[in-house]
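*Asks:* Mind having a look at this structure? Questions to follow.
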Amino acid sequence: MTIPFWCLFVVSFLPYVWFAIAGPARVKKLGKDFDPHAPRAQETLLRGFAARAQGAHANALEALAYFTPAVVVNHLAHADADWSARFAIAFVILRVGHGLAYLGDRPPLRTTLMVLGLISSIGLFVLAARA
């Protein structure tokens, strides 16, 4: 398996890492009002850390929507392996940082890391286009 595919494997689990934090934070925040039968309906009730943890989870899922095709197209195009690995590793690091910035309530840093991660994915597409 190539490094970008390993990175995709790691990024695929990030939503579950953030959910492992968001789930208990949700229960703590909502207490006895937590309803496991309708957890999505309760998202609007979350505030503070619990809301940020849920946001990190949701955003990690959304990031898969653009990183996955970038890796696949890059692979199918036989793009430069070294640069593909650099962009994919950068994406993983930036997405982990994004989640931590989300949890830590650092909006400007979070946005910067999200944009840089997006640029890393675009880089994979550019490499594919140039291959």
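*Asks:* Just need log10 I(q)/I(0) for the stretch 16-82 at q = 0.18, 0.22 Å⁻¹, Debye formula, equal scatterers on the alpha-carbon atoms, no solvent, rounded to two decimals.
*Replies:* Rounded to two decimals, the profile gives -0.67, -0.86.
*Asks:* Starting from the stretch 1-90, pick out the chymotrypsin sites (Phe, Trp or Tyr not before Pro) whose DSSP state is loop and whose Cβ has at most 16 other Cβ atoms within 10 Å. Mind showing how you got there, number by number?
*Replies:* On the way: sites: Phe5, Trp6, Phe9, Phe13, Tyr16, Trp18, Phe19, Phe34, Phe49, Tyr66, Phe67, Trp83, Phe87; in loops: Phe34.
When the chymotrypsin sites (Phe, Trp or Tyr not before Pro) of the stretch 1-90 are filtered for loop state and at most 16 Cβ neighbours within 10 Å, Phe34 remain.
*Asks:* Starting from the 7 Å offset along Cα-to-Cβ, what nm value, one decimal, do you get for the label separation of Val72 and Ala129?
*Replies:* 2.0 nm
*Asks:* Just one of (1) -0.37, -0.59, -0.89, -1.14; (2) -0.53, -0.80, -1.08, -1.24; (3) -0.50, -0.70, -0.88, -1.01 is log10 I(q)/I(0) by the Debye sum over Cα atoms at q = 0.12, 0.15, 0.18, 0.20 Å⁻¹ as worked out from the coordinates here. Which one is it?
*Replies:* Only one listed value fits the structure, namely (3).
*Asks:* Right, here's the next one. Express the relative contact order of the chain as a whole percentage, based on alpha carbon pairs under 8 Å and six or more residues apart in sequence.
*Replies:* Working: 147 pairs, mean separation 41.2, N = 131.
Reported as a whole number, the value is 31 percent.
Each reported figure results from applying straightforward, stated rules to the coordinates on display, with no laboratory input. The model shown is predicted, which means the values in this text are computed figures rather than measured ones. Backbone-built Cβ (ideal geometry, glycine too); neighbour counts: all protein chains shown.
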